[in-house]
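For reference, the structure is listed below as structure tokens.
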Amino acid sequence: MAARAAHLWLLVVVVLLGVGGLARASSSQAPPNILFAIADDWGHGHAGAYGCRWVRTPAFDRVAQQGLLFHHAYTPNAKCAPSRACILTGRNPWQLGPAANHVPFFPPTLKTFPEVLRERGWWVGHTAKGWGPGIATNAQGRARAMTGQAFNRRSLTPPTTGIAANDYAANFADFLDAAPAGRPWFFWYGALEPHRGYEPGSGVARGGKRLSDVDRVPGYWPDTATVRGDMLDYALEVEHFDAHLGRMLDELERRGLRANTLVIVTSDHGMPFPRVKGQAYLASNRVPLAMMWPAGIPGPGREIAQPVSFIDFAPTMLEFAGLTAADCGMDPFAGASLLPLLAGVSPEAGARWRDHILIGKERHDVGRPGDAGYPIRGILQDGMLYLRNHAPDRWPAGNPETGYLNCDAGATKTEVLEARRRAGANRYWSLCFGRRPEEELYDVRRDPDCVQNLATDAAYATRRRQLEQRMVTELRAQEDPRMAGQGHVFDEYPYAAAEHRGFYERFLRGEDLKPGWISPADVEREPIPDPHP
Ligand SMILES: [Ca+2]
């Protein structure tokens, strides 16, 4: 079996080299080992390799310099569980049934690529956060190891009160120590940073940063010391993730594994700040991505401009293993193998690569009547982002009277909520928490913050219609239930955490539901006049 996989992999390389006319041939004789490093809530651009000065990421930069840096990598869904489900299955959220949602019951019939690799003899493990939050059991009701065996025994004294005690790099070393000789391995480094909460002021006090280091505050938050400080606390947590990645790269070097290990570094979605995580704007879905594999990726230091999606990872992994989805019981992929981009983009391969990205979301957190979500579908093509809000009467970040549950508590959220309470209205509050029109259209090259909606601008009418038609055509081909008038199924799938199911009604009846991810002060006590725009 292993011999067959290696043989197929070589064939793939030979074919690609033939097509691409590459600088040098691959020396790979076997599938690579794979280190998949995924931060929790780290936004695109916040790395030295992207030119950022206020977040220092020497390990990520090293991977980019010795491999590839991707400029247009996206998750289809900017929330932990659905984003990770897309990675693991190679399918878009609307193709995942209940797993489109955050905190779902993951369907027992939906297989993940690490489960396949494990079946085929790979050594598969993870540390900290794999898929989740939610509940994943097999048909017999037993817990599934969707990212392999857990390695969490090693701990450390965390540098701040907001950082986890898991010694990720030491746990990776334990995984390598336990790896059987002669078998390829796959390791999922699922850091818990830079997820909230943060130690307030830690970016300055412990990171030695200055508020003036932040080169730009996005247009949807006020540029205040509080917001800048919050951004620096986030930066410090990104640096913790990166420091452990650096130790893991050193470990590979020490063990002589560097050459034939594919290292992938990314994040599940954008930063845990208002209007980013949990939404569908450019900063929500665009993620950092770098890959390195000295023995297999020619032309180190290349930068990749093609749009890639998380649905491309699973097909890539199976190609390394010499398998197809049909071979191993996975549902058909919506994504495509990244091998043509890894091998070098020939004009032919470049022309064949996709020209757009589809995004979309259903229910994230609870907090609306009937546990309803906030359904969005979107398409990004040629620098334009088109969004269709399928239930614009609902509140995009959750209802005010339950505390906007799809936005984690933090200093920036508090600042924006307080500003509206003082003045009765506030531009930042409207952008972050207010209701939205049915259609949105942004020129993301000129307006990366997506604050100038062009959907009703006559000059863009043709473009808007083209994008909408393309999006609907693609979604129909992918059998999105919402395109067939069946979108209600996503609201009807039960929220897996029973203690918070039916949240809205129970909270308003006065039950103490302890929603730990928001602050009691986030809850609005007075009705908010916010007519539908
Ligand atoms: Ca996350």
Matching option when the condition is surrounded by 16 or more Cβ atoms within 10 Å (Cβ to Cβ) and touching a Lys or Arg at 6+ places or on another chain (Cβ under 8 Å), among LEU467, LEU441, LEU405, LEU417: LEU441
Quick check on this structure: which one of VAL63, VAL103 is within 16 Å of the ligand (Cβ to nearest atom) and either closer than 26 Å to ILE304 by Cβ or modelled with pLDDT of 95 or more (or both)? VAL103
Within the stretch 276-298, the residues that are in contact with a His (Cβ under 9 Å, 6 or more places away or on another chain) and small (Gly, Ala, Ser) are GLY278, ALA283, SER284
Between MET317, MET330, which is away from the ligand (no atom under 16 Å from the Cβ) and within 19 Å of the chain's Cα centre (by Cα)? MET317
Can you tell me how many residues in the stretch 35-49 are part of a loop (DSSP other than H, G, I, E, B) and either within 14 Å of the ligand (Cβ to nearest atom) or on the phi < 0 side of the Ramachandran plot (or both)? 7
Answer residue from the stretch 344-382, given it is in contact (Cβ under 8 Å) with a residue 12 or more places away in the chain and assigned to a helix (DSSP H, G or I) and is farthest from the chain's Cα centre (by Cα) among those: GLU348
Please determine whether any residue of the stretch 393-410 is part of a strand (DSSP E or B) and closer than 26 Å to ALA461 by Cα. no
Applying the selection to the stretch 255-270, what residues are out of contact with any Gly (no Cβ under 9 Å at 6 or more places or on another chain), away from the ligand (no atom under 15 Å from the Cβ) and among the polar types (S, T, N, Q)? THR261
Determine whether PHE320 is modelled with pLDDT under 95 and either of a type outside the set (D, E, K, R) or buried (at least 21 other Cβ atoms within 10 Å of the Cβ) (or both). yes
Give just the number: which of (1) modelled with pLDDT of 95 or more; (2) more than 25 Å from the chain's Cα centre (by Cα); (3) more than 29 Å from GLY45 (Cβ to Cβ); (4) surrounded by fewer than 16 Cβ atoms within 10 Å (Cβ to Cβ) does ASP457 not satisfy? (3)
ASP223 fails exactly one of (1) of a type in the set (D, E, K, R); (2) surrounded by 22 or more Cβ atoms within 10 Å (Cβ to Cβ); (3) free of Cβ contacts under 8 Å to residues at least 60 places away in the same chain, namely (2)
Condition test on ASN138, is it within 16 Å of the ligand (Cβ to nearest atom) and over 25 Å from ASP215 (Cβ atoms)? no
In the stretch 57-76, which residue that is over 15 Å from the mean Cα position of the chain (by Cα) and among the aliphatic types (A, V, I, L, M) is nearest to ASP250 (Cα to Cα)? ALA59
Hits in the stretch 128-166 (condition: out of contact with any Asp or Glu (no Cβ under 8 Å at 6 or more places or on another chain) and under 13 Å from GLU193 (Cβ atoms)): ALA128, PRO158, PRO159, ALA165, ASN166
For the stretch 70-79, enumerate the residues that are buried (at least 22 other Cβ atoms within 10 Å of the Cβ) and either among the small types (Gly, Ala, Ser) or out of contact with any Gly (no Cβ under 7 Å at 6 or more places or on another chain) (or both). PHE70, ALA73, TYR74, THR75, ALA78
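Looking at PHE273, is it surrounded by 24 or more Cβ atoms within 10 Å (Cβ to Cβ), among the aromatic types (Phe, Trp, Tyr), within 16 Å of the ligand (Cβ to nearest atom) and closer than 16 Å to ILE357 by Cβ?
Values: surrounded by 24 or more Cβ atoms within 10 Å (Cβ to Cβ): yes; among the aromatic types (Phe, Trp, Tyr): yes; within 16 Å of the ligand (Cβ to nearest atom): yes; closer than 16 Å to ILE357 by Cβ: no.
No, not satisfied.
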Which residue out of GLY125, GLY132 is touching a residue at least 60 places away in the same chain (Cβ under 8 Å) and not in a helix (DSSP H, G or I)? GLY125
When restricted to ALA59, ALA100, the only residue in contact (Cβ under 8 Å) with a residue 12 or more places away in the chain, more than 20 Å from ASP480 (Cα to Cα) and either out of contact with any Cys (no Cβ under 7 Å at 6 or more places or on another chain) or of a type in the set (Phe, Trp, Tyr) (or both) is ALA59
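Tell me, yes or no, whether the stretch 239-249 has at least one residue that is within 16 Å of the ligand (Cβ to nearest atom) and in contact with a strand residue (DSSP E or B) (Cβ under 6 Å, 6 or more places away or on another chain).
So far as the stretch 239-249 goes, yes, one or more of its residues are within 16 Å of the ligand (Cβ to nearest atom) and in contact with a strand residue (DSSP E or B) (Cβ under 6 Å, 6 or more places away or on another chain).
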Within the stretch 50-102, residues being assigned to a loop (DSSP other than H, G, I, E, B) and farther than 30 Å from GLY229 by Cβ number 8
In the stretch 94-119, anything aliphatic (A, V, I, L, M), buried (at least 24 other Cβ atoms within 10 Å of the Cβ) and over 12 Å from ARG84 (Cα atoms) is listed as LEU117
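The values are calculated or read from the model by the stated rules, or taken from the named source; none is laboratory data. Bear in mind that the values here come from a model prediction, so they are computed numbers and not experimental data. Here Cβ is always computed from backbone atoms with ideal geometry, including for glycine, and neighbour counts include all displayed protein chains.
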